[in-house]
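The values are calculated or read from the model by the stated rules, or taken from the named source; none is laboratory data. Nothing here was measured: the structure is a model prediction, and the numbers come from that model. Positions of Cβ are backbone-derived with ideal geometry, glycine not excepted, and every protein chain shown enters the neighbour counts. In case anyone asks, the SASA skips ligands and DNA or RNA and just uses the protein heavy atoms, side chains included. Shrake-Rupley method; radii C 1.70, N 1.55, O 1.52, S 1.80 Å.
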Amino acid sequence: MAQPAQVVPDSEAAEPEMISGGHLVAKALRAEGVDVIFTLCGGHIIDIYDGCVDEGIEVVDVRHEQVAAHAADGYARITGKPGCAVVTAGPGTTDAVTGVANALRAESPMLLIGGQGALSQHKMGSLQDLPHVDMMAPITKFAATVPHTERVADLVSMAFRECFNGAPGPSFLEIPRDILDGRVPLAKARVPETGRYRASTRSVGDPADIERLADLIAHSEKPCVLLGSQVWTTRGSDDAIDFVRTLNIPAFMNGSGRGTLPPGDPHHLQLARRYAFQNADLIIIVGTPFDFRMGYGKRLSASATVVQIDLDYRTVGKNRDVDLGIVGDAGAVLAAVTQATSGRTSTGAANRKAWLEELRGVEDAAYQKRLPRQLSDASPIDPYRLVHEINEFLTEDSIYIGDGGDIVTFSGQVVQPKSPGHWMDPGPLGTLGVGVPFVMAAKYARPDKEVVALFGDGAFSLTGWDFETLVRFNLPFVGVVGNNSSMNQIRYGQIAKYGEGRGRVGNTLGDVRYSEFAKMLGGYGEEVRDPQDIGPALRRARESGKPSLINVWVDPEVYAPGTMNQTMYK
Ligand SMILES: Cc1ncc(C[n+]2csc(CCOP(=O)(O)OP(=O)(O)O)c2C)c(N)n1
Ligand SMILES: [Mg+2]
């Protein structure tokens with residue numbers, strides 16, 4: 001005889017699996033492949049840590065929230081995955097503002113999660129309560145409050161989707177304390193699955209425009225291309241290399257696009273840029289806006305045909321008219337154009353030999369003119385010598401990070417990364433203090449790489465205490481302080497404007513022995529006053545296997561040409 005089906009009374013039903021908001025955050029981070037959060041603790045956010053323990057996400061705890069946010073930005077740049085910083089309510093979130101703002105201007109996809117007072121105490125004056133979403137809205141692509149525990153993972157995935165809308169950028173979520181600590185049945189929470197909540201961003205724009213660009217190139221005798229940050233963001237380096245080589249187009253690189261072509265490559269140019277922009281008949285701008293770094297587009301010849309390719313519709317044609325605009329993924333667009341030229345009788349490549357030789361001549365002359373400064377034995381040390389030694393020191397596996405004023409302006413001319421994605425600077429916000437957090441992110445994400453950072457003494461001071469975090473997490477790197485006991489880039493402008501006698505106001509730093517600071521915190525350090533000692537000291541820092549600071553005393557009375565021209569303000 002069949003047994004009657006067993007009816008379980010409600011009171012004895014198996015309890016549904018419950019989950020808290022913090023654990024849902026961790027699940028959503030996991031879905032995006034995020035394996036680390038950068039954070040400074042606070043009572044509002046600890047449940048996220050507990051979730052990270054379950055999901056195997058590492059918690060890297062820093063000493064200032066600005067560092068957490070910059071590290072998340074750096075992690076995104078290095079890995080191509082979004083970075084995540086988690087900070088507490090109020091001052092934790094305000095401290096992170098600079099890092100978020102930097103990521104916005106640098107088009108870096110990061111998520112900042114901030115704590116918030118409990119929703120049940122909304123507007124009652126809870127501890128650390130501030131209008132975070134209002135504060136973050138102008139400097140993010142998306143800023144929202146999570147209104148219910150069931151929605152936590154859903155909103156994290158939404159924030160990630162928004163990070164990759166157009167040109168990438170930061171998102172912000174605040175999670176009220178009761179929402180984060182609350183527990184809901186797992187079955188009721190929306191937990192988006194990896195690969196199922198974001199579409200591809202590899203668009204090539206209008207196919208007719210790809211053909212038009214192929215035509216323009218085929219008929220150009222003097223083209224050049226500027227490979228900007230989005231070439232790296234879209235991981236389009238190989239496509240860009242194929243494009244310039246197949247079509248024989250001289251290439252300049254800026255921002256994170258530096259290193260796309262290795263130094264010594266016949267198509268790699270740097271110092272002839274102004275000449276090329278003045279004399280080219282076709283200028284192709286890839287993944288970089290016409291901002292101050294481009295003289296707002298004014299430095300491009302008025303008679304050249306100008307093409308702009310960008311992930312962000314809003315960037316194309318901004319500040320300067322263009323002849324052709326393509327909204328799409330840098331690598332995908334360049335690959336499509338190379339492909340479009342392949343069936344033609346002529347790509348024009350052979351007609352560009354003379355133009356390449358002309359540019360090479362300009363490049364070589366500029367290099368020879370500067371070389372004596374790079375080899376200078378002067379004491380105090382000429383900053384050109386310091387950056388020359390750093391350039392010589394870099395290998396194909398060295399990620400170079402620049403954080404400072406004048407000293408980094410020198411390095412921008414001389415230091416050439418040897419591989420794609422091996423150059424990091426703050427980007428167009430020009431934020432001092434990104435150095436230590438970028439080291440943290442780079443070395444954490446790519447322990448197989450060497451990280452070499454050049455700091456101004458002013459820049460280092462902003463976030464330098466997190467050198468201790470690098471020691472604590474065993475993240476060795478070669479650090480160099482170009483020490484002029486000054487905020488020298490600003491000092492130059494003051495002297496030029498107000499005269500020598502009034503040039504030393506608000507820009508003087510102490511003669512700090514940063515090597516001792518490094519040693520105090522458990523790192524390696526050396527002082528260098530003689531140019532001959534720079535190379536050996538760098539090598540000993542490499543060998544030490546520790547976070548290091550080589551404090552190099554440079555001449556405060558010499559300035560980079562970019563500083564003297566005050567190009568950044570023009
Ligand atoms: C966070 C921040 N504060 C202030 C500035 C303005 N600023 C630009 S360069 C500079 C001087 C930096 O000094 P240092 O890092 O020692 O480099 P140096 O110019 O002396 O080589 C300052 C203060 C900035 N860019 N970022
Ligand atoms: Mg300085």
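Brief remarks on what is shown
- HN-Hα J in Hz across the stretch 304-309 - Karplus 6.51, -1.76, 1.60, θ = phi - 60°, x for Gly and Pro: 6, 7, 10, 10, 10, 10
- Contour excess over end-to-end distance, with Cα ends at residue 368 and residue 17 and 0.36 nm allotted per residue: 119.3 nm
- Charge-dipole axis of the stretch 18-188 as Lys and Arg at +1 and Asp and Glu at -1 on Cβ define it, positive-most pick from 84, 137, 153: 137
- Among 499, 541, 327 - extreme Cα towards positive end, dipole of the chain, charges at beta-carbon: 499
- Within the stretch 187-305: Cβ-based charge dipole about Cα centre, in debye rounded to nearest 20 (Lys, Arg +1; Asp, Glu -1): 680
- Accessible area per residue for the chain, computed on protein heavy atoms with a 1.4 Å probe, is 40 Å².
- Members of 141/318; 318/418; 81/318 lying beyond 23 Å, as alpha-carbon distances in this model show: 318/418; 81/318
- Residues residue 429 and residue 134, FRET efficiency given R0 of 25 Å [Cβ-Cβ distance, rounded to 0.05]: 0.75
- Near residue 266, once Lys and Arg are set to +1 and Asp and Glu to -1 for all other residues with Cβ below 13 Å from its Cβ, the sum equals 0.
- Inter-probe distance in nm under a simple model that places probes 7 Å from Cα toward Cβ, at residue 358 and residue 500: 4.5
- Residue 208 versus residue 540: modelled label distance in nm, points set 7 Å from Cα along the beta carbon direction: 6.7
- Mean projection area, nm², convex hull over Cα of the chain: 33.6
- Pairwise centroid distance, computed over Cα atoms, of the stretch 39-70 with the stretch 231-264, Å: 36
- Proximal aspartates and glutamates to residue 222, defined as alpha-carbon separation beneath 18 angstrom and excluding residues fewer than eight positions away on the same chain: 281, 323, 357, 358, 363
- One decimal place: the segment residue 196-residue 41 gains 52.6 nm when fully extended, by the rule 0.36 nm per residue minus the C-alpha distance.
- Distance between the C-alpha centres of the stretch 127-195 and the stretch 332-406: 42 Å, rounded to the whole angstrom.
- Order by protection proxy (mean Cβ within 10 Å, highest first), peptides 314-320, 421-427, 117-123, 73-79: 73-79, 421-427, 314-320, 117-123
- Between the Cα long axis of helix 65-79 and the first principal axis of the chain there is an angle of about 70°, rounded to the nearest 10.
- The H on the amide N of residue 285, modeled in the peptide plane, is under 5 Å from the matching H of 226, 307, 308, 309, each at least 5 residues off or on a different chain.
- Phi angles of the stretch 49-60 translate, via the Karplus equation with coefficients 6.51, -1.76, 1.60 and θ = phi - 60°, into HN-Hα couplings of 4, 5, x, 5, 4, 5, 8, x, 9, 6, 10, 9 Hz per residue; Gly and Pro are given as x.
- Dividing the helix sum by the residues of the chain, where each DSSP H run of 4 or more adds -39500 (n - 2.57), gives a mean residue ellipticity at 222 nm of -11000 deg cm²/dmol.
- With R₀ fixed at 22 Å, the C-beta to C-beta distance from residue 568 to residue 375 puts the FRET efficiency at about 0.20.
- Remark: the stretch 209-221, residue by residue, has Karplus-estimated 3J(HN,Hα) of 6, 5, 5, 4, 5, 4, 4, 4, 5, 4, 9, 9, 9 Hz, where x stands for each Gly or Pro and the curve is 6.51 cos²θ - 1.76 cosθ + 1.60 at θ = phi - 60°.
- Multiplying the residue separation of residue 392 and residue 323 by 0.36 nm and subtracting their alpha-carbon distance yields 20.8 nm.
- In terms of packing, defined here as the mean over residues of other Cβ atoms within 10 angstrom, the peptides 408-418, 442-452 line up highest first as 408-418, 442-452.
- Helix axis angle, 488-498 relative to the chain longest principal axis, alpha carbon, degrees: 60
- Given +1 at the Cβ of Lys and Arg, -1 at the Cβ of Asp and Glu and no other charges, the dipole of the chain around its Cα centre is 1400 debye to the nearest 20.
- Per-selection metrics, the stretch 207-360 (Cα): Rg and Dmax in Å: 13.7, 40
- Placing unit charges on the Cβ atoms of the charged side chains and taking the dipole of the chain about its Cα centre, the candidate lying farthest along the positive direction among 388, 41, 475 is 388.
- Once the Cα atoms are used to define both axes, helix 435-445 deviates from the longest principal axis of the chain by about 60 degrees.
- With both residues required to sit in the chain, DSSP beta bridges show an antiparallel share near 5%.
- Summing +1 for each Lys or Arg and -1 for each Asp or Glu among the other residues whose beta-carbon sits under 15 angstrom from that of residue 172 gives -4.
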